[in-house]
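Trainee: Can you keep this structure in mind? I'll have questions shortly.
The values are calculated or read from the model by the stated rules, or taken from the named source; none is laboratory data. Just so it is clear, the model here is predicted, and its values are computed rather than measured. Cβ: placed from backbone, ideal geometry, glycine included. Neighbour counts: every protein chain shown.
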Amino acid sequence: FPVEDIRNFSIIAHVDHGKSTLADRLLELTGTIDKTQKNKQVLDKLQVERERGITVKAQTASLFYSFGGKQYLLNLIDTPGHVDFSYEVSRSLSACQGVLLVVDANEGIQAQTVANFFLAFEAQLSVIPVINKIDLKNADPERVGKQIEKVFDIPSEECIKISAKLGTNVDSVLQAVIERIPPPKVHRANPLKALVFDSTFDQYRGVVASIALFDGMLSKGDKIVSAHTKKTYEVNQVGILNPNEQPTHKLRSLQPTCNCVCYYESDLFMWKSGVYPIDQSEYNNLKSAIEKLTLNDSSVTVHRDSSLALGAGWRLGFLGLLHMEVFNQRLEQEYNASVILTTPTVPYKAVLSSAKLIKEYKEKEITIINPAQFPDKSKVTEYLEPVVLGTVITPTEYTGKIMELCQARRAIQKNMTFIDENRVMLKYLFPLNEIVVDFYDSLKSLSSGYASFDYEDAGYQTADLIKMDILLNGNIVEELVTVVHREKAYTVGKSICERLKDSLPRQLFEIAVQAAIGSKVIARETVKAYRKNVLAKCYGGDITRKMKLLKRQAEGKKKLRKIGNIEIPKNAFIKVLKTQ
Ligand code: GDP
Ligand code: MG
């Protein structure tokens, strides 16, 4: 294919606005897949995607399309819409020259529509607005066209109105791709330069990378060097996705040697969560599962870690809660590995107060990773927490409630714009830790599902952080030390005490479960004394059942940890530490 007959484009949109359905129609229209089958989101290949009905991985397909007497090669990337996966979107965009910005004709512009538009705009890509679902009873493409004009400054006449479900007007989308998106600027005579924008691990073939070829060419047998790791790899096979893999002789270019394969790197804020095998004997299996899965999801960062309570494991960085859940589900479904995930924490920092300390830590600002090593106030000029700029788009009737929610989350309002008569866009600066766990769910429930949310990183701000201890009869439980914002200490402390109380087995004496800041106790629960007799449950004389119970109790004992004279089973830690 001559370069001028190639188009590289992504489909971007808010979640559920119809990206994957549009991709299906484009694949059918170009004869890439058979029309007679009932095709539904064919590019969503992962089990987790099919179950949740969402795209979490950007997917690629090459289409051949004849137009005006010429054949074109169209490389399409379908991207996820959810905020947690915007990393996949930005990585895909770096391999494209244009995007189809899909907007639902009924819902109109939503928070991720805005976020995704700006990603494309910053990357200087051609944006083709597509208004989808015009077949819906409540569709109002005119109103949505006006919103697009107001928010993105794109003339509403440029919008293509389609129904991806019924296939209405989808051919004009392909025509616009050819006419409005420029071909890539590649230099085939130069040495190889390619971007790895995705990779997976295949049991039989090793690493399979999806690449965007910028310069040069690539054939079987070539030795390539990663600009990121400086390691050399041999190419076993090259091909295109159509939409399934189709080996080709070579990917275009002229020179057999190559020297540069770059990786896209993210410096987004990460939510750190501990990941541990349920049983330590599973450590090696889990290690290999994590290695393979992170190859396919390189936005996850991995560091080895160990916990007094949970043993050897890792600290993984995720881009959000859904991202974490999806990663966990993929570990289970694709690698058959079960894990304990601990409540995520955000990267707090401390600015050291003296030259001596800076020398000791070799840094002026230290990131607080392990709460047990939280530097004391006397060593620090200030603590810092990460903040994000959040965008909420909502029907106006929910504005009041949403503002209250944002205030309760320590957010500061930055801006408020009406995008039409009954929709408003709010901008707030949020401490990241306030949206980590359930902000999105609360927002959805108080707006009956109508408000949408997205955010971008906005640096650090001063924060009043403190270290909180958890005590059992006056002895500190090392495993449960946490760093919290002073304002939230009581709520967090109380919740930990309650969960610990519920999961500690009663013992022969009473146990005081306390949360404390320094010597000040801020929350307390009591576990009443009780003598647990495992045999009491077995009425009658089923001896094998009794033996089983005794054996199980003995096994449980092996995993106990002692704090003072109190025995804590591993399960109790799991219940307190893992995300609910
Ligand atoms: P994505 O999250 O943007 O990939 O959206 P999907 O392609 O998965 O579509 C979300 C839902 O909208 C699915 O239930 C689709 O069947 C539906 N949908 C997509 N396009 C249309 C359309 O043109 N009309 C109607 N009525 N429904 C559509
Ligand atoms: Mg999708």
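Trainee: On the given criteria, is residue 456 touching a residue at least 24 places away in the same chain (Cβ under 8 Å), in a strand (DSSP E or B) and among the acidic types (Asp, Glu)? So that I can check it myself, show each step before the final result.
Mentor: Details: touching a residue at least 24 places away in the same chain (Cβ under 8 Å): yes; in a strand (DSSP E or B): yes; among the acidic types (Asp, Glu): yes.
Answer is yes for this residue.
Trainee: Determine if segment 91-106 includes at least one residue that is more than 29 Å from residue 31 (Cα to Cα), of a type outside the set (S, T, N, Q) and in contact (Cβ under 8 Å) with a residue 24 or more places away in the chain.
Mentor: no
Quick grid of which residues meet (1) touching a Leu at 6+ places or on another chain (Cβ under 8 Å); (2) within 30 Å of residue 571 (Cβ to Cβ); (3) part of a strand (DSSP E or B):
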position	(1), (2), (3)
332	no, yes, no
341	no, yes, yes
351	yes, no, yes
366	yes, no, yes
372	no, yes, no
381	yes, no, yes
400	no, no, no
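Trainee: Now for a separate question. Can you name the residue in segment 314-362 that is without any contact (Cβ under 8 Å) to a residue 12 or more places away in the chain and over 25 Å from residue 285 (Cβ atoms) and, of all such residues, is surrounded by the fewest Cβ atoms within 10 Å (Cβ to Cβ)?
Mentor: Going through the qualifying residues, I end up with 362.
Trainee: Right, something else. Tell me the residue from 177, 99, 144 that is buried (at least 20 other Cβ atoms within 10 Å of the Cβ) and within 16 Å of ligand 2 (Cβ to nearest atom), please.
Mentor: Exactly one residue qualifies, and that residue is 99.
Trainee: Kindly list, by first and then second residue, each pair from a residue in segment 272-294 that is over 14 Å from residue 307 (Cβ atoms) to a residue that is part of a helix (DSSP H, G or I) and at pLDDT 85 or above, limited to pairs with Cβ atoms under 8 Å and residues at least 6 apart or on different chains.
Mentor: 286/331; 289/331; 290/331; 293/327; 293/330; 293/331
Trainee: Could you go through segment 468-478 and let me know if any residue there is farther than 19 Å from residue 342 by Cα, assigned to a helix (DSSP H, G or I) and not small (Gly, Ala, Ser).
Mentor: No, every residue in segment 468-478 fails to be farther than 19 Å from residue 342 by Cα, assigned to a helix (DSSP H, G or I) and not small (Gly, Ala, Ser).
Trainee: Do we have residue 16 as within 12 Å of ligand 1 (Cβ to nearest atom), within 19 Å of the chain's Cα centre (by Cα) and at pLDDT 85 or above here?
Mentor: yes
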